[in-house]
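Trainee: This is the structure I have questions about; it appears just below.
The values are calculated or read from the model by the stated rules, or taken from the named source; none is laboratory data. As the structure is a prediction and not an experimental result, all values here were calculated from the model. Positions of Cβ are generated from backbone atoms using ideal geometry, with glycine treated the same way; all protein chains shown enter the neighbour counts. Accessible surface is based on the protein model in full, side chains and every heavy atom, while ligands, DNA and RNA are left aside. Shrake-Rupley method; radii C 1.70, N 1.55, O 1.52, S 1.80 Å.
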Amino acid sequence: MARNKTFNRRNVLVIAAIILIAAIGLTVRLGYLMILKSADYAQRAEDLHERERAIKAERGTIYDKNGIAIATNKPVSTISVIHSQIKDPERVIQVLCDLLGLSEEKVRKRVEKVSSIERIKSNVDKEIADKIREYDLDGVMVDEDYKRYYPYGSLASKVIGFTGSDNQGIIGLEVAYDKYLKGIDGTILTLTTAYGVEIDNAAEDRIEPKAGNNLYISLDVNIQKYAEQAALKIMEAKNANNVKMILMNPQNGELYAMVNVPEFDLNDPYTLTDNMLKGADASSLTSKQTNDLLNNMWRNACISDTYEPGSCFKIVTATAALEEKVVKLDDKFFCPGYKIVEDRRIRCHKVGGHGSETFVEGIKNSCNPVFMEIGARVGVTNMYKYFGRLGLFNKTGIDLPGEAKSIMHKPENVGAVELATISFGQSFQITPLQLLVAASAVVNGGNIVTPHFGVQVKSPEGTTVKTFKYEGAPGAVSKETSETMKKLLEAVVSEGTGKRAYLPGFKIGGKTATSEKLPRSSNKYISSFLGFAPADNPQVMAIVLIDEPTGIYYGGTIAAPVIAEVFDNVLPYLGVEPHYTEAETKEFNVGTIEMPNLVGKKKDEIKEILKDTDYGDIYYLGEGETIKEQFPLPGEKINLNSDLILYLE
């Protein structure tokens, strides 16, 4: 009996001890959770009862050389629904379908989906978003957002690029400088019940977004306009596939313009242009066909497409020959209209030949046999040496995505025939920009420049974040050869095949080219001209390529005038003053005169007063006989042959 009592007492003690230990453990655990882990569990509870919505950051603006905004933002809204908060789903579906122009099936699927939040549509115009707000629909969120907007539409579309629905860059400068342009999104934190229903009158936590930085570039809107107008004009006149043009400062690599016509509308980048469709119905295209055409439409051919440069490449061959001292300016050559190289008869563009000519005349005439001869003198090893020095084996390093590399023979595979054709720009391929960089080095004293658009990044407050540096690579050619080449290429324009690029008062240098496309039997050509001015101190260099022009296709005939037209606008715009020779002054009647005072004179007196003065046309506005006002004004200095406007009483 005593033994049973002892046993029972021991069991009670064991059970009591277990309960005590459990109680102590639970107390310690509770203390740990309530004291040490209180902050963690408070945050977890807050997270459980908070719903997070993003506030889009404003993307940085892109400014041109003059501070003109060419890529900016337009305030829009994003419409979303929260399933747990919707009280009248049918009403929500009806309103969103009507105002957003979406199908009922699409809206219903998202409204009825059980999720924390569903986006219905982004980039909704502010006016429509405000109308949705007025309905005050439970469960419908209208959040501020930004949509990229391009004030100039299609201008420089393949350079500037565009953004996607998430405001991230897709192509062009928008993607190249995305890390500077994109901001940091903010958030709205709303308190909800455990069932996800928003708590009325609960304060919202708001983390403000941080706007992106602004990008300043070297592209000049006005120069781009000049270039695009000239390119479109020749494309339509010659019914060409496309026209490419680049304008660059050859001294430092700043790009003033880059044209790829036809361009596309940056504000509507997913709509194929008529040129891309070529009469086809967009709705009949497969998804793959549409994507292929869009990628082709967005492609920046100035940097992404290679071609055989043709006679423009004679600039490189002549430079190599002068550097290696294998030719002198007065060396004599003979062109019968062709040259036999091994078993090939390679012709000159002048079928009857140029006959006897010096090296200088050979450049002026763009004579193939002359360049085949000097190419043979230079040799494969030295020719390739200057290809390397002038950057033709490498990408230029332009600050745009998608740049292509050159396509060259390996030196060991270059025989006499290949060397002959290489010497006048065939049997290899480079990009237009690579040729422009190489030619720049030839005329700027031998410095390889890095072509670029990016100049500076500034914060929204105007503080400089980064100034981009582009180091040159000097010593590609000697200054002596550079000076000689400038004079030779100026003679090409003043006296040779590039004479249609001549502008009175301006020294223009350049080289024409007519490249036959592959296969040779296709009889399709690229007409091009590379020019620079002023020839003695180049400030701007340009290249134009006209792809498959109809009718006359010679570069000197149709491409050279395009650059002349562009330079006629661009040179005065850049502050390059014309300086006329005595012969030009006489031939083009250059000069200025002071405008006389004609106010108060009779209409029939005017011709007598102006008979010994070089004026253009006289326009009379009004029906009286006496001059009451004039333009230009009395005493104003005007150019000879200027027109006059006279207002009659």
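Trainee: With the stretch 286-385 as the region, which helices (runs of 4 or more DSSP H) entirely inside it contain at least 2 residues that are polar (S, T, N, Q) and without any contact (Cβ under 8 Å) to a residue 60 or more places away in the chain?
Mentor: Details: elements: 287-298, 301-304, 314-323, 359-365.
Those helices (runs of 4 or more DSSP H) span 287-298.
Trainee: If you don't mind, another one. Where residues in the stretch 286-319 are among the hydrophobic types (A, V, I, L, M, F, W, C) and farther than 30 Å from Lys364 by Cβ, which of them is surrounded by the fewest Cβ atoms within 10 Å (Cβ to Cβ)? Let's see the steps before the verdict.
Mentor: Applying the first criterion (among the hydrophobic types (A, V, I, L, M, F, W, C)) to the stretch 286-319 yields 293-294, 297-298, 301-303, 312-313, 315-316, 318.
Then drop every residue that is not farther than 30 Å from Lys364 by Cβ, which leaves 293-294, 297-298, 301, 303.
Numbers: Leu293: 18, Leu294: 16, Met297: 21, Trp298: 20, Ala301: 20, Ile303: 26.
Ranking the candidates gives Leu294 first.
Trainee: Search the stretch 224-238 for residues that are free of Cβ contacts under 8 Å to residues at least 40 places away in the same chain and pair each with any residue that is crowded, with 20+ Cβ neighbours inside 10 Å and among the aliphatic types (A, V, I, L, M) when their beta-carbon atoms are under 6 Å apart and the residues are at least 6 apart or on different chains.
Mentor: Leu232/Val261
Trainee: Select from the stretch 385-407 the residues that are under 24 Å from Ala257 (Cβ atoms) and among the aliphatic types (A, V, I, L, M) and list them in ascending order.
Mentor: Hits for the stretch 385-407 are Leu390, Leu392, Ile398, Leu400, Ala404.
Trainee: Continuing with this model, one more query. Taking the criterion of being at positive phi, touching a residue at least 24 places away in the same chain (Cβ under 8 Å), open to solvent by less than 40 Å² (accessible area, probe 1.4 Å) and not aromatic (Phe, Trp, Tyr), would at least one residue in the stretch 392-411 satisfy it?
Mentor: Keep residues of the stretch 392-411 that are at positive phi, which gives 397, 402.
Filter once more, so that each one left must be touching a residue at least 24 places away in the same chain (Cβ under 8 Å): 397, 402.
Filter once more, so that each one left must be open to solvent by less than 40 Å² (accessible area, probe 1.4 Å): none.
No; the residues of the stretch 392-411 include none that is at positive phi, touching a residue at least 24 places away in the same chain (Cβ under 8 Å), open to solvent by less than 40 Å² (accessible area, probe 1.4 Å) and not aromatic (Phe, Trp, Tyr).
Residue by residue, here is whether (1) modelled with pLDDT of 95 or more; (2) closer than 20 Å to Gly253 by Cα; (3) open to solvent by less than 10 Å² (accessible area, probe 1.4 Å) holds:
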position	(1), (2), (3)
Asn523	no, no, no
Gln539	yes, yes, no
Leu545	yes, yes, yes
Pro549	yes, no, no
Thr581	no, no, no
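Trainee: Go over the candidates Val566, Val576, Val570 one by one and state the one that is open to solvent by less than 50 Å² (accessible area, probe 1.4 Å), outside any helix (DSSP H, G or I) and closer than 22 Å to Gly509 by Cβ.
Mentor: Val576
Trainee: Report, by residue number, each residue of the stretch 473-500 that is within 18 Å of Phe313 (Cα to Cα) and of a type in the set (Gly, Ala, Ser).
Mentor: Correct list: Ala476, Ser482, Ala491, Gly496, Gly498.
Trainee: Of Val92, Val81, Val76, which residue is in contact with a Leu (Cβ under 6 Å, 6 or more places away or on another chain) and under 23 Å from Glu127 (Cβ atoms)? Walk me through it before giving the result.
Mentor: Values: Val81 fails: in contact with a Leu (Cβ under 6 Å, 6 or more places away or on another chain); Val76 fails: in contact with a Leu (Cβ under 6 Å, 6 or more places away or on another chain).
Among Val92, Val81, Val76, only Val92 is in contact with a Leu (Cβ under 6 Å, 6 or more places away or on another chain) and under 23 Å from Glu127 (Cβ atoms).
Trainee: Right, something else. For Thr626, indicate whether it is at pLDDT 90 or above and not aliphatic (A, V, I, L, M). Steps first, answer last, please.
Mentor: Values: at pLDDT 90 or above: yes; not aliphatic (A, V, I, L, M): yes.
Here the answer is yes, as Thr626 does meet what is asked.
Trainee: Sticking with this one: Quick check on the stretch 597-617: of everything there that is surrounded by 14 or more Cβ atoms within 10 Å (Cβ to Cβ) and within 30 Å of His579 (Cβ to Cβ), which residue is modelled with the lowest pLDDT?
Mentor: Tyr615
Trainee: If Pro336 satisfies every condition in (1) within 23 Å of Leu247 (Cβ to Cβ); (2) surrounded by fewer than 17 Cβ atoms within 10 Å (Cβ to Cβ); (3) not hydroxyl-bearing (Ser, Thr, Tyr) but one, which is the exception?
Mentor: Single failed check for Pro336: (1).
Trainee: Among (1) farther than 24 Å from Asn239 by Cβ; (2) of a type in the set (Ser, Thr, Tyr); (3) open to solvent by 40 Å² or more (accessible area, probe 1.4 Å); (4) not in a loop (DSSP other than H, G, I, E, B), where does Thr481 come up short?
Mentor: Among (1) farther than 24 Å from Asn239 by Cβ; (2) of a type in the set (Ser, Thr, Tyr); (3) open to solvent by 40 Å² or more (accessible area, probe 1.4 Å); (4) not in a loop (DSSP other than H, G, I, E, B), Thr481 violates only (3).
Trainee: Moving on to the next point. With respect to the numbered conditions (1) on the phi < 0 side of the Ramachandran plot; (2) not in a strand (DSSP E or B), which one is the sole condition not fulfilled by Val455?
Mentor: (2)
Trainee: Give the residues of the stretch 632-649 that are open to solvent by 100 Å² or more (accessible area, probe 1.4 Å) and under 41 Å from the mean Cα position of the chain (by Cα), sorted by residue number.
Mentor: Residue satisfying the conditions is Lys637 alone.
Trainee: A further question follows. Working only within the stretch 61-86, note down all residues that are closer than 16 Å to Arg108 by Cβ, outside any helix (DSSP H, G or I) and not hydroxyl-bearing (Ser, Thr, Tyr).
Mentor: First pass over the stretch 61-86, keeping only residues closer than 16 Å to Arg108 by Cβ: 79-83, 86.
After this cut, where a residue has to be outside any helix (DSSP H, G or I) as well, the list is 79-82, 86.
Within the stretch 61-86, Ile79, Val81, Ile82, Ile86 meet the criteria.
Trainee: Further, regarding this structure: In the set Leu545, Leu610, which member is more than 30 Å from Lys233 (Cβ to Cβ) and of a type outside the set (S, T, N, Q)?
Mentor: Numbers: Leu545 fails: more than 30 Å from Lys233 (Cβ to Cβ).
On inspection, the qualifying residue turns out to be Leu610.
Trainee: Being in contact (Cβ under 8 Å) with a residue 24 or more places away in the chain and outside any loop (DSSP other than H, G, I, E, B) is the filter here; which residues of the stretch 508-527 pass it?
Mentor: Gly509, Gly510, Lys511, Thr512, Ala513, Thr514, Ser515, Glu516, Tyr525, Ile526, Ser527
Trainee: Among the residues of the stretch 486-511, what is the count of those that are open to solvent by less than 10 Å² (accessible area, probe 1.4 Å) and within 30 Å of the chain's Cα centre (by Cα)?
Mentor: Residues flagged as open to solvent by less than 10 Å² (accessible area, probe 1.4 Å) and within 30 Å of the chain's Cα centre (by Cα) within the stretch 486-511 amount to 8.
Trainee: I'd like the full set of residues that are touching a Leu at 6+ places or on another chain (Cβ under 8 Å) and among the charged types (D, E, K, R), limited to the stretch 381-406.
Mentor: Passing the criteria: Asp399, Glu403.
Trainee: Out of all the residues in the stretch 120-169, which are among the polar types (S, T, N, Q) and either within 18 Å of Pro75 (Cβ to Cβ) or modelled with pLDDT under 90 (or both)? If you could, list the steps in order and put the result at the bottom.
Mentor: Within the stretch 120-169, the first condition is being among the polar types (S, T, N, Q), and the residues that meet it are 122-123, 154, 157, 163, 165, 167-168.
Hits for the stretch 120-169 are Ser122, Asn123, Thr163, Ser165, Asn167.
Trainee: Right, another one. Only one residue in Val107, Val95, Val140 is open to solvent by less than 60 Å² (accessible area, probe 1.4 Å) and touching a strand residue (DSSP E or B) at 6+ places or on another chain (Cβ under 6 Å). Which one? Please lay out each step first, then the result.
Mentor: Values: Val107 fails: touching a strand residue (DSSP E or B) at 6+ places or on another chain (Cβ under 6 Å); Val95 fails: touching a strand residue (DSSP E or B) at 6+ places or on another chain (Cβ under 6 Å).
Result of the check over Val107, Val95, Val140: Val140.
Trainee: Another question, if that's okay. Please name all residue pairs, on different chains or six or more residues apart, with Cβ atoms under 6 Å, provided the first residue is in the stretch 243-261 and is open to solvent by 10 Å² or more (accessible area, probe 1.4 Å) and the second residue is modelled with pLDDT of 95 or more and among the acidic types (Asp, Glu).
Mentor: Qualifying pairs under 6 Å: Tyr256/Asp220.
Trainee: Next up: For the stretch 262-285, give me the residue count where each residue is on the phi < 0 side of the Ramachandran plot, assigned to a loop (DSSP other than H, G, I, E, B), of a type in the set (D, E, K, R) and open to solvent by 30 Å² or more (accessible area, probe 1.4 Å).
Mentor: From the stretch 262-285, those on the phi < 0 side of the Ramachandran plot are 262-277, 280-285; that's our starting set.
Next, from what is left, pick out any that are assigned to a loop (DSSP other than H, G, I, E, B): 262-273, 280-281, 285.
Filter once more, so that each one left must be of a type in the set (D, E, K, R): 263, 265, 268, 281.
Right, trim to open to solvent by 30 Å² or more (accessible area, probe 1.4 Å) and you get 265, 268, 281.
Adding up the residues that qualify gives 3.
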